[in-house]
1. Whole number in Å², please: accessible area per residue of the chain, 1.4 Å probe, ligands, DNA and RNA not counted.
2. Mind jotting down the distance between the C-alpha centroids of the range 1-47 and the range 101-131, whole Å?
3. Ordered by residue, what ³J(HN,Hα) values in Hz, to whole numbers, does the range 20-37 give under the Karplus form 6.51 cos²θ - 1.76 cosθ + 1.60, where θ = phi - 60° and Gly and Pro are x?
4. If each residue of separation counts as 0.36 nm, what is the full-extension length gain between ALA149 and PHE70 once their alpha-carbon separation is subtracted?
5. Once phi is turned into θ = phi - 60°, what whole-Hz ³J(HN,Hα) does the Karplus curve with 6.51, -1.76 and 1.60 give for every residue of the range 57-72, x standing for Gly and Pro?
6. Arrange the residues PHE88, PHE36 by how much accessible surface each exposes, largest first, with a 1.4 angstrom probe.
7. Keeping all protein chains in the complex and leaving out DNA, RNA and ligands, what accessible area do you get for ARG159 with a 1.4 Å probe, in Å² to the nearest 10?
8. Restricting to DSSP H runs of at least four residues, report the calculated mean residue ellipticity at 222 nm for the chain, -39500 (n - 2.57) per run over all residues, nearest 500 deg cm²/dmol.
Amino acid sequence: DLRLNLGADLRGEVWDRFDAFNTIGPGASAGLRYRFGLGRQAPWVLLETRFGYDRFQDTAQSGYDNVLNFEAGIALSDRIALEGGYAFESFVSPNDFYDRQVHRVNARMVFDVTSSLQVTGGYIYREGDVISYAVPPRPDIARFSIDRADEDEFGQPLRTAYKLLGRTHALSFSVAYQLMKYASVQLGYEYAITTHDPLQYENHIVEVNIAVAY
């Protein structure tokens, strides 16, 4: 009924247009899970943390990130489970302008189609620091931004970066398939809208994950 999980990961991003955002980041994680009862349908809680370093091609943005996450779940049937949780994300950089703190709440439904195939759909709400880039300078954004800085790593014309508080609503969908006993692959899609009146940003995110367990 009590399990300790330890993990390591390497993640990265490659941008087609703005290569200053290209990132590579190693990290380590630890999680402690407790299950209230016996069997797969018993409710559970999980407390975990991840600590890592994200190195941007533009080194001024590089820094350390930490996520503290609390999750809980309960099986509604042999195939369907309801899960959700809260996370606090913190990013610390030598350049204070890039420091960010974000609160995240999520809820998802997990459906085991077969013993090897799992489908998940969920909703995510995020609230916290967002960095917005604009050209030319935007006095209307400067009025409600926390801080701003001029950026030259994207070439010309010079862009102005604004740090502000934003709220994000996102819908996610993923499919996970177990390749073998200790390895699985996951395909995911997320549609997100981030707002801070009068600003609105729309994102489409596609992820491919490979997990190996021992």
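The values are calculated or read from the model by the stated rules, or taken from the named source; none is laboratory data. The structure displayed is predicted, hence computed values, not measured ones. Note: ideal-geometry Cβ built from the backbone for every residue, glycine included; neighbour counts use all protein chains shown. Quick note on the areas: whole protein, heavy atoms, side chains included, nothing else; ligands and nucleic acids left out. Shrake-Rupley method; radii C 1.70, N 1.55, O 1.52, S 1.80 Å.
1. 63 Å²
2. 13 Å
3. 5, 8, 4, 9, 9, x, x, x, 9, 9, 9, x, 10, 10, 10, 10, 8, x
4. 25.0 nm is the gain from fully extending ALA149 to PHE70.
5. Karplus values, whole Hz, x for Gly and Pro: 4, 8, 5, 5, 8, 5, x, 9, 10, 9, 10, 10, 10, 10, 10, 8.
6. Sorted descending by solvent-accessible area, the residues read PHE36, PHE88.
7. Probe radius 1.4 Å; accessible area of ARG159 about 30 Å².
8. -500 deg cm²/dmol
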